[in-house]
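*Asks:* So that we are looking at the same thing, I have put the structure below in structure tokens.
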Amino acid sequence: MSSVDFASLGISAPVLKAVQQLGYEQPSPVQEASIPILLEGKNLLGTAQTGTGKTAAFALPFLSMLDEKQKTPQILVLTPTRELAIQVAEAFQSYAKHIKGFHVLPIYGGADIGGQLRGLKRGAQVVVGTPGRMLDHLRRRSLDLSNIKGLILDEADEMLRMGFIDDVETILAKTPPECQRALFSATMPPAIKRVADKYLGDAEVVSIQNKTKTVERIAQSHLMVKGHQKMDALTRILDVEQFDGMIIFVRTKSSTLEIAEKLEARGFSSAALNGDLTQTLRERTINRLKKGQLDIVVATDVAARGLDVERISHVINYDVPYDNESYVHRIGRTGRAGREGKAIMFVTQKEIRMLRSIEKSTRQPISSFNLPSNEEVSGQRIAQFKEQLVGMCKSTKLDKFHSLVKEVAAENDIDMVLLAAALAFEAQKERPLFPKMVAIDTPRASASDRNERKPRERSERPDRNERSERSDRSDRSQRPDRAPKPPRDKGPTVDGEGNEVAMVTYRIEVGRNDDVSPKNIVGAIANEAEIDAQFIGHIKLHDDYSTVDLPEGMPKELFDHLYKVRVCQKPLKISVDNGTAGEQRDAKPAYKGKRDKPAFNKEKPAFKGKPKAHRGSDSAPRKPSKRPASDRK
Ligand code: AMP
């Protein structure tokens with residue numbers, strides 16, 4: 001990372017304010033290189049993958065140049081998938097927080113087109129979408145490209161791979177020739193180069209080259225994990241790893257505070273280290289780490305620059321680094337003074353390319369790491385507990401307690417061993433010796449992820465249905481053209497704190513015969529109910545209806561709204577599934593059972609992204625925390 005800050009890059013005041021509030025300390029390399037080019041109005045061809053901060057690299061400068069008064073689309077972003085469209089739209093929204101009257105609209109297939117038509121009519125300065133649906137809107141003349149000033153192709157190689165490149169070209173050809181263009185791609189296959197040559201002219205090239213650097217004496221591994229499971233995974237690792245000092249790297253200042261606080265609540269002595277702290281405070285924290293008064297420091301790259309503490313035995317890359325340079329710098333905080341070190345990196349599915357690129361440039365494999373099992377965590381806790389007990393028997397003055405225990409045993413005629421067991425049970429309550437932890441699904445990066453996938457030949461180009469299936473959420477669904485399989489045991493749905501979310505199965509009156517796909521259902525429910533897609537559970541398609549699992553406690557207004565929502569031209573007519581699959585229901589359901597049960601807790605709403613949760617994970621604090629977990633975020 002360099003020493004340039006966002007303010008000196010020239011982004012507008014409201015955008016700078018939003019970035020600072022998000023806790024971004026410094027531009028990532030791709031941002032530092034791209035933002036000035038785009039602010040100068042030049043076209044840009046960038047080689048960057050997910051995890052490098054590429055979204056902000058184009059969103060910040062284009063937002064800085066936005067004409068607030070013009071309500072027709074000014075910025076158009078093309079993405080290969082629905083998920084990315086939503087993510088990019090959310091990123092724009094958060095960076096434009098202080099721009100008055102700002103609207104961004106994601107448009108993608110599978111979702112109710114009515115809402116998108118209304119959104120476009122109301123006016124949106126930024127439109128983010130998948131090529132197919134954009135073409136659809138262009139045909140309907142609901143999307144006006146005549147005033148587009150900036151066009152971004154995000155993950156261009158993915159669009160090529162998914163067979164969208166012709167659609168992309170059709171859209172590109174419809175944008176004003178003078179509009180500024182940026183193309184980001186993890187790789188630059190010839191077909192993408194050709195599109196770039198044709199539509200971007202002599203664009204400035206930004207390529208974050210990974211210099212080869214090797215690191216020795218550091219055992220490196222990675223863990224595939226979903227974003228919301230990172231905290232649970234970290235706790236489990238801390239439980240079993242024998243570490244001396246540890247540094248945990250995250251991306252934002254706010255994350256340093258949040259994670260350090262959560263670790264403290266779980267009984268680990270930890271502190272945050274970020275650029276907001278004064279030099280004196282930073283030095284004090286580092287000194288405490290050196291002296292062993294502190295074991296864990298949660299830091300941003302900027303704050304940990306040059307940190308040299310011999311006792312750091314472990315580095316955890318909680319958030320992936322922006323590039324290889326930063327990875328090598330981070331893990332170099334361990335293995336100091338000839339000691340051995342260990343580096344663990346959390347990788348989400350979409351960051352696999354980043355992992356492979358680091359492996360390539362360090363010329364070292366980063367092996368996959370298996371999360372400690374319940375038994376291992378239990379074994380470790382038991383070993384520590386025994387050690388603690390034996391130590392206490394040897395070193396503590398227990399005279400009075402000795403007599404007290406004898407007295408209780410004699411008065412109640414209780415066997416001493418039974419009494420000791422009862423005391424042990426009481427003592428382990430906050431940190432259970434036999435924990436039942438939430439299953440953490442840790443898919444491994446598949447072998448095929450290692451190889452760069454070849455672009456599809458034209459003859460292999462999938463038809464539109466196939467394409468929408470491909471970008472589908474196949475992990476939670478069944479393909480409409482296959483016989484229904486029994487529900488896959490995908491483990492409990494958990495919220496951001498790793499707490500299990502109670503689910504209810506609902507029936508909706510659209511099915512295979514209506515040509516519905518799970519993607520349509522997820523899109524409609526996520527949009528209309530504002531339920532974070534992660535909380536939409538198992539979907540099962542039948543011929544004339546489907547079932548979908550949603551968090552317990554749906555408010556009546558929402559239920560009534562969903563009842564009328566249309567998917568594939570048909571109203572959902574949602575009802576609580578009573579298990580009599582195949583039978584036709586009464587027309588309007590009363591959401592029975594849910595109303596007499598106070599299932600929906602207004603303090604912890606299940607919907608709008610905060611599902612009602614019950615604690616299912618073993619995240620019981622070692623020290624009682626002052627506030628409930630849900631407040632600590
Ligand atoms: P992207 O590569 O665009 O998918 O971004 C990956 C993640 O990095 C997102 O969660 C961003 O919020 C975060 N991010 C992007 N730029 C920065 C920055 N300069 N400082 C901290 N976090 C960032």
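*Asks:* Assuming a ≥ b ≥ c are the square roots of the Cα gyration tensor eigenvalues, decide whether segment 57-131 counts as rounded (a/c under 1.5), prolate (otherwise, with a/b larger than b/c) or oblate.
*Replies:* Taking the square roots of the gyration eigenvalues as a ≥ b ≥ c, segment 57-131 is oblate.
*Asks:* Continuing with the same structure: According to the square roots a ≥ b ≥ c of the eigenvalues of the Cα gyration tensor, what is the shape class of segment 87-186, taking rounded for a/c under 1.5, prolate for a/b larger than b/c otherwise, and oblate for the remainder?
*Replies:* Numbers: a/c = 1.39, a/b = 1.21, b/c = 1.14.
In terms of gyration-tensor shape, rounded.
*Asks:* Would you mind checking the pairs Lys290/Lys436; Lys519/Lys573; Lys17/Lys69; Lys291/Lys436; Lys226/Lys291; Lys262/Lys394 and listing those with alpha carbons more than 25 angstrom apart?
*Replies:* Too far apart for the 25 Å limit: Lys290/Lys436; Lys291/Lys436; Lys226/Lys291; Lys262/Lys394.
*Asks:* Under the 0.36 nm per residue contour assumption, what length would be gained going from the current alpha-carbon distance of Glu216 and Leu138 to full extension?
*Replies:* Gain in length upon complete extension: 22.6 nm.
*Asks:* Round to the nearest 0.05 the FRET efficiency obtained for Ala13 and Glu40 when R0 = 22 Å and r is the Cβ-Cβ distance. Could you put the intermediate results ahead of the total?
*Replies:* Numbers: r = 19 Å, r/R0 = 0.85.
E between Ala13 and Glu40, to the nearest 0.05, is 0.75.
*Asks:* Follow-up. Once the piece of chain linking Ser395 and Arg339 is laid out straight, how much longer is it, given 0.36 nm per residue of separation minus the C-alpha distance between them?
*Replies:* Going from the current span to full extension adds 16.9 nm.
*Asks:* Cα centroids of segment 339-366 and segment 412-426: how far apart, whole angstrom?
*Replies:* The distance from the Cα centre of segment 339-366 to that of segment 412-426 comes to 49 Å.
*Asks:* For Met162, Met188, Met416, give me the order by solvent-accessible area with a 1.4 Å probe, most accessible first, ignoring ligands, DNA and RNA.
*Replies:* These residues rank, largest area first, as Met416, Met188, Met162.
*Asks:* Would you mind working out the magnitude of the charge dipole of segment 1-92 relative to its Cα centre, with +1 at each Lys and Arg C-beta and -1 at each Asp and Glu C-beta, to the nearest 20 Debye? Don't skip to the end; give the middle numbers.
*Replies:* Working: 6 positive and 8 negative charges, 47 e Å.
Here segment 1-92 has a charge dipole of around 220 debye.
*Asks:* Here is a follow-up. Could you give the length gained by full extension between Lys121 and Gln70, i.e. 0.36 nm per residue of separation minus their alpha carbon distance, to one decimal place?
*Replies:* 17.0 nm
*Asks:* OK, next. Please list, ordered by chain and number, the residues whose modelled amide H lies under 5 Å from the amide H of Thr252; skip anything fewer than 5 residues away on the same chain.
*Replies:* Excluding prolines and chain starts, which carry no amide H, there are no hits.
*Asks:* Top to bottom by accessible area (1.4 Å), largest first, where do His542, His314 land?
*Replies:* Order by accessible area, largest first: His542, His314.
*Asks:* Keeping all protein chains in position, work out how much accessible area His103 exposes to a 1.4 Å probe, and write it in Å² to the nearest 10.
*Replies:* 100 Å²
The values are calculated or read from the model by the stated rules, or taken from the named source; none is laboratory data. Computed from a predicted model, the values in this text were never measured in an experiment. A quick note on method: Cβ atoms are made from the backbone with ideal geometry, for glycine too, and the neighbour counts reach across all protein chains shown. Ligands, DNA and RNA are stripped out before the accessible areas are found, and what is left, the full protein with its side chains, is counted by its heavy atoms. Shrake-Rupley method; radii C 1.70, N 1.55, O 1.52, S 1.80 Å.
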